[in-house]
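What follows draws every value from the coordinates through simple rules; no lab data is involved. As the structure is a prediction and not an experimental result, all values here were calculated from the model. Reconstructed Cβ throughout: ideal geometry from the backbone, glycine too, with neighbour counts over all protein chains shown.
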């Protein structure tokens, strides 16, 4: 029996990146022999075992044979005569097809070390085309390693495009698409993930609402970058800089979906895109297992981001409406995420990336002012349905005074 360290741990060691977990590949043994050594089997589709002491995963070396469409359609051979080279050949990218034996010797039959040095993401073999999940994984790796200068090999891009063209990607189930997309949204250089999917044609299949934004013009006065798809990618950059929250980044991605179906006669303006965008977000959330918190923040941002941009000119009545409709009084943390996403939207524009966004602080102060109204005291003075009416009246009055005080301060300054 021979044991090899494989996959991400070997790759990250070569890149000088700390790794959190290690995966091991075992050659020349059987499930029964591992169980006799105290390993506990956990794999269903193919034998994976947990080490009796470290708890790390040990998988038997295996080969794969395509038996049906999709990423579940495989038969596995985990017999004792499968070599480490055989196992590495079934992996997606050469940089992930490197192993290290117990003596520290590197096993690199497919040029992974060379591609690490040259900063290239390259498929190991044509077997790559048998698993459509690998398109998502390449996009995710391209984003993760973008800062290190990695690019995708042209032949790998071409292969991904052929996989999209022959319909292999259509077999992906929504759960897996969202799992990989969520990981990308939580990572670095998020926009690269979506740009890679668009380059190979997968974005049009998996996220048609986002793909439809590219090539759609916006008024140059407000959007020097003009193209809506480019704007959304820039907003993702800003959201990534401002927050690590998944909800914020998803809302940034989807805040302008309604611009993708604006009637051509209305372009480059987009009247009503806010409500149209909400409809598309709901449809997307029905199609994929998007967490409710992501969906709900995205809906609020889509509907009210233009209100936020105009906050300094809103009347007290409208300010209160925004606070109520965003549920700021009960969900102040989500309201803060709403403001952060709106700021990302305002700064996600060509040459305006470092602009000030006083609207967010203005709405924070407006919220603090309205929330300071003593609802408990008001409730004691009224009964039944008169209570919420009286609270709203008091909050509106407080916001009117707030607006006047801000206006006076601006004049004094």
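For this structure, a couple of remarks:
- For region 224-334, the relative contact order comes to 24 percent (Cα pairs under 8 Å, sequence separation of at least 6).
- A simple spin-label model places pseudo-atoms 7 Å from Cα toward Cβ; at residue 383 and residue 148 they are separated by 7.2 nm.
- Whole-number percent relative contact order across the chain, with pairs defined as alpha carbons under 8 Å at least 6 apart: 10 percent
- Counting neighbouring beta carbons within 10 Å and listing from fewest to most, the residues 5, 312 come out as 312, 5.
- Quotient of C-alpha Rg and 2.2 N^0.38 Å, computed over region 215-289: 1.14
- For region 227-241, backbone nitrogen atoms closer than 15 Å to the point 7 Å from residue 351 Cα along Cα-to-C-beta are found at 227.
- Mean sequence separation of contacting Cα pairs (under 8 Å, at least six apart), scaled by the length of region 117-164, corresponds to a relative contact order of 57 percent.
- Segment residue 105-residue 183, extension gain: residue separation times 0.36 nm, minus the distance between their alpha carbons: 24.9 nm
- Relative to the longest principal axis of the Cα atoms of the chain, the long axis of helix 316-325 makes an angle of roughly 30 degrees.
- Note on the chain: GNM, Cα springs under 10 Å; of 53, 130, 353, the largest mean-square fluctuation is that of 53.
- Residue of 92, 361, 103 that the Gaussian network model of the chain assigns the largest fluctuation, springs spanning Cα pairs under 10 Å: 103
- Efficiency of FRET from Cβ geometry, residue 241 and residue 19, R₀ 22 Å, rounded to 0.05: 0.30
- Which of 342, 278 has the fewest Cβ neighbours within 10 Å, and the rest in rising order: 278, 342
- Order of 329, 39, 49 - criterion: other Cβ atoms within 10 Å of each residue's Cβ, fewest first: 329, 39, 49
- GNM result for the chain, Cα springs below 10 Å: residue of 87, 211, 126 fluctuating most strongly: 126
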